[in-house]
Amino acid sequence: MFSLRERVDENPARAWAAVVGALLAALIGGSILFPETVYDGFVWHYFWGPVQADAHNAVCAVRPGSTVEYLYSTSACQGAAEPVAEPGYTVVSEIGYIVSLLITITGVVLLLDYLDIGEDRGLFWAMVPFMLLGGALRTVEDAHNAIGDSWFDYPLNTLLISPIIYVTVFVIALASILLALWLARRGIVDDYVRPLAAMGSVAFLLSIAYLSMLAVTESRVTFYPLVLVAMVGLSAAAAAGTWYAIEAFAPEINEGTGLAGAMVLVAHAVDGAANVIGLDYLMALGVPYNLTPKHPANRFIVDFFGAAWPFLVVKMAAATFLIWVFEPELVEETPRYTTLLLIAVSAVGLGPGSRDLLRSVFGV
């Protein structure tokens, strides 16, 4: 008789599917049996409600009974009965997304095993344009929010709102991987990495071209070159300074990641710099408003310190810790898993960071 561990080791894909199925059954079953507690008070309140509020450009969404109403003033939201969902993230939703990310990473590792790719760093570098694509697509939704009446309204715009945009980009990336592998295994290209990177780059550049077109044709979308220079300059200085400090004083931190570690630093430097300038200095650079923090972490830092610059310090410290975790032995023993983790830890910095950068640059 097999033990549970032996069964998992024998067929990890089936075990993963069983866990995911059990979680989905619990959420769906709970939503049917206890709709007010499970669906209204948890699923809608922390996950789908914020997406609906964001998609309607509302201050908040409320759910009296089985209907959804959108409120457009802070005072109305403060006086509304729970559940009240506001655009952005909460501690509960971020924990939920972290759990979902870990489950997804495990599933993707199994997929990479099946496809027999991801043992080297080629997949990591090919995924960088897709991380930028996520930020650019999110900014497209921000731009249409600023414009107001447009063809890209609810429910279509939910495809480009967090967290659904992660699913959207994942589907695009997976389709691109399969196409690149098909091209490589048919002998049309030498390997899958270059065409994969090219697909992501073209998609990202098309998104930037569309935003640029909106900047020319729509009065609510404006290009601010000084913001771009400031954010790129600050992020480059932060990443380069941290990299130099690591190499000069503690090179063992980066033994397991190499240049991929530098990319992790760049990704989180972009996120940190975009927050510092976006939250505190946009008006000084000609934008008519500063951004407001939407994540609990940067909101806490801004409230505690009265400024956003400590967030950049925290991001660089966190990125340094993350690359230190990738010890050479771990990388050697689990190459696919570490490649995927590197993609994940870079994406959670570069995705929202590039969104905040582009959102500030285009004034949306």
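Looking at W16 and the list (1) open to solvent by 60 Å² or more (accessible area, probe 1.4 Å); (2) out of contact with any Gly (no Cβ under 7 Å at 6 or more places or on another chain), which single condition is not satisfied?
The single condition W16 does not satisfy is (2).
Please tell me if P328 is out of contact with any helix residue (DSSP H, G or I) (no Cβ under 8 Å at 6 or more places or on another chain) and farther than 30 Å from H144 by Cβ. Show your work before the answer.
Numbers: out of contact with any helix residue (DSSP H, G or I) (no Cβ under 8 Å at 6 or more places or on another chain): yes; farther than 30 Å from H144 by Cβ: yes.
Yes: the conditions hold for P328.
The rows are residues; the columns are (1) closer than 14 Å to S354 by Cβ; (2) part of a helix (DSSP H, G or I); (3) of a type outside the set (D, E, K, R); (4) out of contact with any His (no Cβ under 8 Å at 6 or more places or on another chain).
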residue: A238; (1), (2), (3), (4): no, yes, yes, yes
residue: Y244; (1), (2), (3), (4): no, yes, yes, yes
residue: G256; (1), (2), (3), (4): no, no, yes, yes
residue: A262; (1), (2), (3), (4): no, yes, yes, yes
residue: H268; (1), (2), (3), (4): yes, yes, yes, yes
residue: D271; (1), (2), (3), (4): yes, yes, no, yes
residue: A274; (1), (2), (3), (4): yes, yes, yes, yes
residue: L279; (1), (2), (3), (4): no, yes, yes, yes
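Quick check on this structure: which one of V169, V216 is farther than 22 Å from G351 by Cα and either in contact with a strand residue (DSSP E or B) (Cβ under 7 Å, 6 or more places away or on another chain) or in a helix (DSSP H, G or I) (or both)?
V216
Starting from the range 229-249, take each residue that is surrounded by 14 or more Cβ atoms within 10 Å (Cβ to Cβ) and list its partners that are among the hydroxyl-bearing types (S, T, Y), counting only C-beta distances under 8 angstrom and pairs at least six apart or across chains.
A230/Y281; M231/S360; T242/T320; I246/T320
If I filter the range 20-40 for residues that are under 30 Å from T139 (Cα atoms) and at pLDDT 90 or above, do I get at least one hit?
Scanning the range 20-40, I find at least one residue that is under 30 Å from T139 (Cα atoms) and at pLDDT 90 or above, so the answer is yes.
Right, T257: touching a Phe, Trp or Tyr at 6+ places or on another chain (Cβ under 6 Å), open to solvent by less than 50 Å² (accessible area, probe 1.4 Å) and not aliphatic (A, V, I, L, M) or not?
yes
Could you count how many residues in the range 54-108 are more than 20 Å from the chain's Cα centre (by Cα), outside any helix (DSSP H, G or I) and of a type in the set (V, I, T)?
Selection size over the range 54-108: 5.
Looking at P155, P129, P163, which one is at negative phi and open to solvent by 60 Å² or more (accessible area, probe 1.4 Å)?
Going through P155, P129, P163 in turn, the sole match is P155.
Conditions first: (1) touching a strand residue (DSSP E or B) at 6+ places or on another chain (Cβ under 9 Å); (2) in a loop (DSSP other than H, G, I, E, B). Y46 passes all but one, so which condition is the exception?
Evaluating Y46 over (1) touching a strand residue (DSSP E or B) at 6+ places or on another chain (Cβ under 9 Å); (2) in a loop (DSSP other than H, G, I, E, B) leaves (2) as the failure.
Out of the residues in the range 69-83 that are in contact with a helix residue (DSSP H, G or I) (Cβ under 9 Å, 6 or more places away or on another chain) and either of a type in the set (S, T, N, Q) or modelled with pLDDT under 95 (or both), state the one that is most open to solvent (accessible area, probe 1.4 Å). Please lay out each step first, then the result.
The initial filter retains those residues of the range 69-83 that are in contact with a helix residue (DSSP H, G or I) (Cβ under 9 Å, 6 or more places away or on another chain), namely 70-71, 82-83.
Next cut, either of a type in the set (S, T, N, Q) or modelled with pLDDT under 95 (or both) only: 82-83.
Working: E82: 133, P83: 20 Å².
Taking the candidates together, the pick is E82.
For a quick check of your reading of the model, give me the residue pairs whose first member lies in the range 297-313 and is within 19 Å of T90 (Cα to Cα) and open to solvent by 20 Å² or more (accessible area, probe 1.4 Å), whose second is outside any helix (DSSP H, G or I) and among the aliphatic types (A, V, I, L, M), with beta-carbon atoms closer than 9 Å and at least 6 apart or on different chains.
The qualifying pairs are V302/A308.
Out of F304, F321, F326, which single residue is farther than 24 Å from L102 by Cβ and aromatic (F, W, Y)?
F304
Keeping to the range 307-341, report how many residues are closer than 30 Å to D280 by Cα and hydroxyl-bearing (S, T, Y).
1
Can you report the number of residues in the range 314-344 which are open to solvent by 40 Å² or more (accessible area, probe 1.4 Å) and part of a loop (DSSP other than H, G, I, E, B)?
Going through the range 314-344 one residue at a time, the tally reaches 2.
What do you reckon, is Y289 surrounded by 18 or more Cβ atoms within 10 Å (Cβ to Cβ) and at negative phi?
no
Of the residues A284, A267, A297, A307, which is under 20 Å from L137 (Cα atoms) and of a type in the set (A, V, I, L, M, F, W, C)? Even if it seems obvious, please write down each step before you answer.
Numbers: A284 fails: under 20 Å from L137 (Cα atoms); A297 fails: under 20 Å from L137 (Cα atoms); A307 fails: under 20 Å from L137 (Cα atoms).
On inspection, the qualifying residue turns out to be A267.
Which condition number in (1) open to solvent by less than 40 Å² (accessible area, probe 1.4 Å); (2) under 30 Å from D113 (Cβ atoms); (3) touching a residue at least 60 places away in the same chain (Cβ under 8 Å) is the one that L265 fails?
L265 satisfies every listed condition except (3).
Within the range 177-213, track down each residue that is open to solvent by less than 50 Å² (accessible area, probe 1.4 Å), in a loop (DSSP other than H, G, I, E, B) and not aromatic (F, W, Y).
V189
The values are calculated or read from the model by the stated rules, or taken from the named source; none is laboratory data. What you see is a predicted model; the values in this text were computed from it and never measured. We place every Cβ from the backbone using ideal geometry, glycine too, and count neighbours over all the protein chains shown. Please note that ligands, DNA and RNA were not included when accessible areas were found on the heavy atoms of the full protein model with its side chains. Shrake-Rupley method; radii C 1.70, N 1.55, O 1.52, S 1.80 Å.
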